1. Test of the criteria: in segment 119-187, which GluC sites (Glu not before Pro) are in a DSSP loop and have at most 10 other Cβ atoms within 10 angstrom of their Cβ?
2. DSSP loop chymotrypsin sites (Phe, Trp or Tyr not before Pro) in segment 56-136 with at most 16 other Cβ atoms within 10 Å of their Cβ, which ones?
3. Accessible area, 1.4 Å probe, largest first: how do Ile128, Ile200 sort?
4. When the solvent-accessible surface of protein heavy atoms is calculated with a 1.4 angstrom probe, in what order do Leu236, Leu212, Leu83 fall, highest first?
5. Cβ under 9 Å from Leu38's Cβ, Leu38 left aside: what net charge do those residues give with Lys, Arg +1 and Asp, Glu -1?
6. Output ³J(HN,Hα) for segment 128-141: one whole-Hz value per residue in order, computed from phi by the Karplus curve 6.51 cos²θ - 1.76 cosθ + 1.60 with θ = phi - 60°, and x for Gly and Pro.
7. For segment 186-226, state which chymotrypsin sites (Phe, Trp or Tyr not before Pro) are in a DSSP loop and have at most 13 other beta carbons lying within 10 Å of their beta carbon.
8. Arrange the residues His129, His94, His115, His201 by how much accessible surface each exposes, largest first, with a 1.4 angstrom probe.
Amino acid sequence: MSDSTWRLLSTVVLILFVLLITVSAYSSKRRVLVPNFLPTKTNVTVHMGELAVLQCKIRNLGPKQVSWRKVSLDYPLTVGTLLFDNQEDLSVDHKKLRGMVTQYNLIIKRAQPRHSGKYECQISATNIHTHHVYLTVLDSPLHIEPAINIRGTEYVSRYEEIRLDCNATGAVRAPDDIDWFHNGHMIVKDDLRWRGRIRIHKYKPEVPGRSLISSLVIEYSLLSDGGRYVCRSSDLETVSMDVNVLNTPEKDVNKREKDTVSRSTSKMDRPNGTSSGSRTFSSTSILIILLTVCSLVTR
């Protein structure tokens with residue numbers, strides 16, 4: 001094959017390759033995923049004062065905006081996560097879930113009969129997509145007794161972590177606070193006994209809206225940490241749990257620490273799982289290749 005024919009063939013192949021890339025890129029841009037609503041509850045009934053959750057789950061939302069509106073009103077309630085009308089009883093629970101699913105739930109706190117009606121979850125796009133939810137708020141409040149429960153570590157070896165979670169639910173609203181006690185004494189972070197060893201985290205879940213959760217974490221447990229733990233809400237509801245700290249022999253603890261250090265050292269000596277033998281083999285292979293190339297050049 002002559003040089004001119006070879007150059008012509010190479011040019012044709014190059015042009016075809018560029019055209020193929022251009023067409024593929026154009027086709028990918030033209031592929032637009034159409035958003036669609038996933039099945040959720042379309043009729044919601046709550047008692048007066050309860051939390052109402054209007055669900056809206058969308059697949060393939062992409063960069064499009066989602067808004068909530070009450071059909072009887074001329075303006076939207078929310079756009080994205082922003083409130084169009086600054087109402088303290090409204091909020092949006094926005095989450096990105098698996099499978100390209102996005103959640104935009106409308107949360108109505110302390111629902112009242114005036115909130116009843118038809119709501120619309122709307123996707124702003126070339127073609128407007130809507131999902132309707134009907135809310136009914138009953139005139140009578142739901143009578144709920146306050147409740148409190150505790151769960152967590154029941155048995156633990158010395159020096160390991162203790163974690164206890166206390167969930168206090170109020171009749172109408174969440175309790176204001178939760179206190180922790182150990183063997184009858186209140187647990188205070190700044191107490192010399194607990195200082196630097198404990199963390200207490202409190203938060204109020206938006207759903208169901210009447211709960212306060214407090215997590216007590218003792219990072220480095222001692223034998224003296226065993227005993228009865230009590231959590232008490234500001235509504236004076238209490239619940240208790242016994243924690244047993246096992247006296248693990250010191251030699252076993254030291255052995256575990258040595259094993260941990262040994263494993264860490266082993267990983268440092270062999271980065272990326274590569275052994276010294278494999279590194280020696282690689283160096284030898286490179287040396288043989290270099291000697292072979294030099295002998296060929298000298299010939």
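1. On the way: sites: Glu120, Glu154, Glu160, Glu161; in loops: Glu154, Glu160, Glu161.
Sparse-neighbourhood loop GluC sites (Glu not before Pro): none present.
2. Values: sites: Trp68, Phe84, Tyr104, Tyr119, Tyr134; in loops: Phe84.
Hits after loop and neighbour filter: Phe84.
3. On the way: Ile128 110, Ile200 40 Å².
Most to least solvent-accessible, the answer reads Ile128, Ile200.
4. On the way: Leu236 130, Leu212 10, Leu83 60 Å².
In descending accessible area the options line up as Leu236, Leu83, Leu212.
5. On the way: positive: Lys57, Arg59; negative: none.
In short, +2.
6. 6, 10, 10, 9, 9, 9, 9, 10, 10, 10, 6, 5, 8, x
7. Values: sites: Trp194, Tyr203, Tyr220; in loops: Trp194, Tyr220.
When the chymotrypsin sites (Phe, Trp or Tyr not before Pro) of segment 186-226 are filtered for loop state and at most 13 Cβ neighbours within 10 Å, Tyr220 remain.
8. Values: His129 50, His94 75, His115 10, His201 110 Å².
Solvent-accessible surface, decreasing: His201, His94, His129, His115.
The values are calculated or read from the model by the stated rules, or taken from the named source; none is laboratory data. In this text, all values refer to a predicted model and were calculated from it rather than measured experimentally. Positions of Cβ are generated from backbone atoms using ideal geometry, with glycine treated the same way; all protein chains shown enter the neighbour counts. Remember, those area values only see protein heavy atoms, side chains included, never the ligands or the DNA or RNA. Shrake-Rupley method; radii C 1.70, N 1.55, O 1.52, S 1.80 Å.
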